[in-house]
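Asks: Right, I'll just put the structure down here and ask away after.
The values are calculated or read from the model by the stated rules, or taken from the named source; none is laboratory data. As the structure is a computational prediction, the values presented were derived from the model and not from experiment. With ideal geometry, Cβ positions are generated from the backbone for all residues, glycine too; neighbour counts draw on all protein chains shown. To get the accessible areas, we keep the full protein, side chains included, count just its heavy atoms, and leave off ligands, DNA and RNA. Shrake-Rupley method; radii C 1.70, N 1.55, O 1.52, S 1.80 Å.
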Amino acid sequence: MFFPPRLAPMVFAVLMSLYMVFLMTFVITWVNTGLGEGFVGRWWRAFYIAWPIAFSLILVGAPRLQRLTAGLIRKP
């Protein structure tokens, strides 16, 4: 265990945002501009702009979405 349990929401937000932003910015940059020269620079720019936004949205939204999900699931 690397982190204390109280940091679980923060660790989740960091990991989820990194995962999603890495993949989404890669795919969208690839589709819009191709894998040609300068791709890594274009992708990195999209990544560093999108990551803080995604991190903030996940940090704020994940607890609410977890409660909403729990409310939508049929209890046994």
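Asks: For the range 29-54, how many residues are more than 27 Å from Gln66 (Cα to Cα) and out of contact with any Lys or Arg (no Cβ under 6 Å at 6 or more places or on another chain)?
Replies: 16
Asks: Between Phe26, Phe12, Phe22, Phe47, which is open to solvent by less than 100 Å² (accessible area, probe 1.4 Å), in a helix (DSSP H, G or I) and modelled with pLDDT under 95?
Replies: Exactly one of Phe26, Phe12, Phe22, Phe47 is open to solvent by less than 100 Å² (accessible area, probe 1.4 Å), in a helix (DSSP H, G or I) and modelled with pLDDT under 95, namely Phe12.
Asks: Return the total of residues in the range 58-68 being open to solvent by 40 Å² or more (accessible area, probe 1.4 Å) and in contact with a helix residue (DSSP H, G or I) (Cβ under 8 Å, 6 or more places away or on another chain).
Replies: 2
Asks: Out of the residues in the range 29-44 that are of a type in the set (Phe, Trp, Tyr) and open to solvent by 100 Å² or more (accessible area, probe 1.4 Å), which is nearest to the chain's Cα centre (by Cα)?
Replies: Applying the filter and picking the extreme gives Trp44.
Asks: Next up: Which residue pairs have Cβ atoms under 6 Å apart, sit 6 or more places apart or on different chains, and have a first residue in the range 1-17 that is over 16 Å from Phe47 (Cβ atoms) and free of Cβ contacts under 8 Å to residues at least 60 places away in the same chain and a second that is surrounded by 11 or more Cβ atoms within 10 Å (Cβ to Cβ) and hydrophobic (A, V, I, L, M, F, W, C)?
Replies: Qualifying pairs under 6 Å: Phe3/Val11; Ala13/Phe55; Ala13/Ile58; Ala13/Leu59.
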